[in-house]
Amino acid sequence: MKIALITDYNILNTNHEINSVLSKISNLNPKTNNLKIDLLYISKQTIIKPITLEQVNEIHIYNQIEEPNNISNLIKVALHYNNIYTPDLFISCLKENQDAFIPQLASKLSIESFLNIESIKFDNETQKFNVIKPIYSGNVLGHYIVSDRAVLSFTKEKTSSKLIKVSNVPIIKYIDYTDATTLKDDIVTFEKVVPSGIKDAKFVIVCGYGVGSANNIELLKDYAKSVNAVICGTKKVIDLGWLPMNTLIGTTGQIISPDICLTIGVSGAAPLLNGIIKSKLIIAINKDKDARIFNYADYGIVGDYKDIIEKEHF
Ligand SMILES: Cc1cc2nc3c(=O)[nH]c(=O)nc-3n(C[C@H](O)[C@H](O)[C@H](O)COP(=O)(O)OP(=O)(O)OC[C@H]3O[C@@H](n4cnc5c(N)ncnc54)[C@H](O)[C@@H]3O)c2cc1C
C-alpha cells in the first residue's frame, strides 16, 4: 500500500501539521499492510539537518521547480509522482490551495476525492479504504467506501501545543524532475467565478429538472426580474449546463436562507432540501401531488408550472 502526502508547510520547522495528519493515518497499520508513505515537497533548499516525521519512508524534494505554493506546480508534482509510483492515496496537507488541489488532481487522475474528512480506515476483509466525513453542515457523519484510489484531505484542527514525540528520520531524495508534455497543465486560463448574489437575496427561485430546458430557464429569468428574485438551480439543472455552477443549491452547493424560496419543478431530494430548509417561507410548484418537496413546503401548488407562473412569460 502506497500513500503520497503532499505539503507546502516548511518541513524544516517543527512539523506539527504534517505529524498531525500522519497521526490520523496511523491506524492504517504500516506493518500489516506494508504501508509506504512518501512526502512530496517543492523546495530549492538542500536539507542538512535531519527531519523527523513518523511513518514517512522517503521525502521527495522537487528542487527544480519554482514557486512551491503555486497550485499548478503542486498538481505537476503529484502527477509526476503518480506516473512513477501510482499510490493508492494522495493526502493533501496544504496550508493554501487545499480546496483547489483536491478536485483538480482527482479530475486529472479520474479518481475519487474527499475534502475535509474526519478519519480513514483500511478494511482488511474487503481490501478497501473506508472514509468518514462530516456532511449536512457537520450534523451527520457520512461513511464512504473508496472504490479504488482517492485524493483526500483531513479537517483542519487547532494544532495541539503538545509536542508529539517523533524519532523516525525519513530518507531524503532529490527528484530528477522532467516536465514531460503529458504532464502539462491543460488549464489555459483561470476565470474568477463572479458571486451569484444568491446568499444575500430575499427572494430566490430554485429551478429543477421539471422546468424542462435551458430555454425555459431564460423565460423564468424574465419572470424572476419582474418579481425581483434571483434564479438558481438543483444539481440536475447545473449538471445539464442550464445554469452556472455558482448557482447550485444544496449540500454540494450553497445553503440559503432567504425570506421566500420558490421551487419550480424540484422533486425535493435530501441534498437539495438541505440547501433551502432554512428559508423563512418555502413555496413549491410541482405537477406531481406526491412530490417529496410538498412535505417541506409552507405552500404547495400542484400543476404544470407554465400554467401557474404568469402567462406573459410563457
Ligand atoms: C453526493 C450527492 C450530492 C448531491 N448534492 C446535491 C445538491 O447539492 N443539490 C441538488 O439539487 N442535488 C444534489 N444531488 C442530487 C439529488 O439527489 C437529486 O438528484 C436532485 O436534487 C434532483 O433534482 P431535481 O429536483 O431538479 O430533479 P428531479 O428529481 O428529476 O425532479 C423533477 C421534478 O419536476 C417535476 N416536474 C416535471 N415537469 C414539471 C412541470 N411542467 N411543472 C411542475 N413540475 C414538474 C417532477 O414531478 C419532479 O418532481 C446530490 C446527489 C448526490 C448523490
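Charged side chains reduced to their Cβ positions (Lys and Arg at +1, Asp and Glu at -1) give the chain a dipole of some 680 debye around its Cα centre. Subtracting the Cα-Cα distance of SER226 and GLU118 from 0.36 nm times their residue separation leaves 34.3 nm of extension gain. Axis angle, to the nearest 10 degrees, between helix 98-109 and the longest C-alpha principal axis of the chain: 90 degrees.
Could you work out the relative contact order of the chain? I mean the mean sequence separation of Cα pairs under 8 Å and 6+ apart, divided by the number of residues, in percent.
Relative CO of the chain lands at 14 percent.
The Kirkwood radius of the chain, taken over pairs of alpha-carbon atoms, gives through the Stokes-Einstein law at 20 °C and 1.002 mPa s a diffusion coefficient of 96 µm² s⁻¹. Scattering from the stretch 2-182 was approximated by placing one identical point on each alpha carbon and applying the Debye formula without solvent; log10 I(q)/I(0) at 0.08, 0.10 1/Å stands at -0.24, -0.37. If you take the charge dipole of the chain about its Cα centre, with +1 on Lys and Arg Cβ and -1 on Asp and Glu Cβ, which of ASN34, LEU243, TYR209 is farthest toward its positive end? Farthest towards the positive pole: ASN34. Over all other residues within a Cβ to Cβ distance under 10 Å of ALA106, the charged ones net out to +1, with Lys and Arg as +1 and Asp and Glu as -1.
In deg cm²/dmol, rounded to 500, what helix-only [θ] at 222 nm does the chain give when every DSSP H run of at least 4 residues adds -39500 (n - 2.57) and the total is split over its residues? Before the final figure, lay out each step's value.
Working: 7 runs with 65 residues, N = 314.
Calculated from helices alone, the mean residue ellipticity at 222 nm is -6000 deg cm²/dmol.
Antiparallel beta bridges, as assigned by DSSP with both residues in the stretch 2-182, represent about 30 percent of the total such bridges. Counting only residues at least eight positions apart within a chain, or on another chain, the aspartates and glutamates with an alpha carbon under 20 Å from that of LYS306 are GLU218, ASP222, ASP288, ASP290.
Highest first, please rank the peptides 286-298, 260-272 by the mean number of other Cβ atoms sitting within 10 Å of their residues. Before the final figure, lay out the partial values.
On the way: 286-298: 16.1, 260-272: 22.2.
So the order, starting with the most tightly packed, is 260-272, 286-298.
Tell me the Kirkwood hydrodynamic radius of the stretch 203-311 in angstroms, computed as one over the mean inverse distance between distinct C-alpha pairs. Walk me through the intermediate numbers first.
On the way: mean 1/r = 0.0748 Å⁻¹.
It is 13.4 Å.
For the stretch 207-237 versus the stretch 38-71, the spacing of their alpha-carbon centroids is 49 Å. Legend: distances between Cα atoms for LYS95/LYS235; LYS95/LYS280; LYS108/LYS278; LYS95/LYS202; LYS2/LYS24; LYS133/LYS280; pairs beyond 26 Å are LYS95/LYS235; LYS95/LYS280; LYS108/LYS278; LYS95/LYS202; LYS133/LYS280.
The Kirkwood radius of the stretch 1-57, taken over pairs of alpha-carbon atoms, gives through the Stokes-Einstein law at 25 °C and 0.890 mPa s a diffusion coefficient of 202 µm² s⁻¹.
Read-outs throughout are calculated quantities, based only on the coordinates presented, and are distinct from any laboratory measurement. Computed from a prediction, not measured in an experiment: that's the story for all the values here. Note that we place each Cβ from the backbone using ideal geometry, even for glycine, and neighbour counts take in every protein chain shown.
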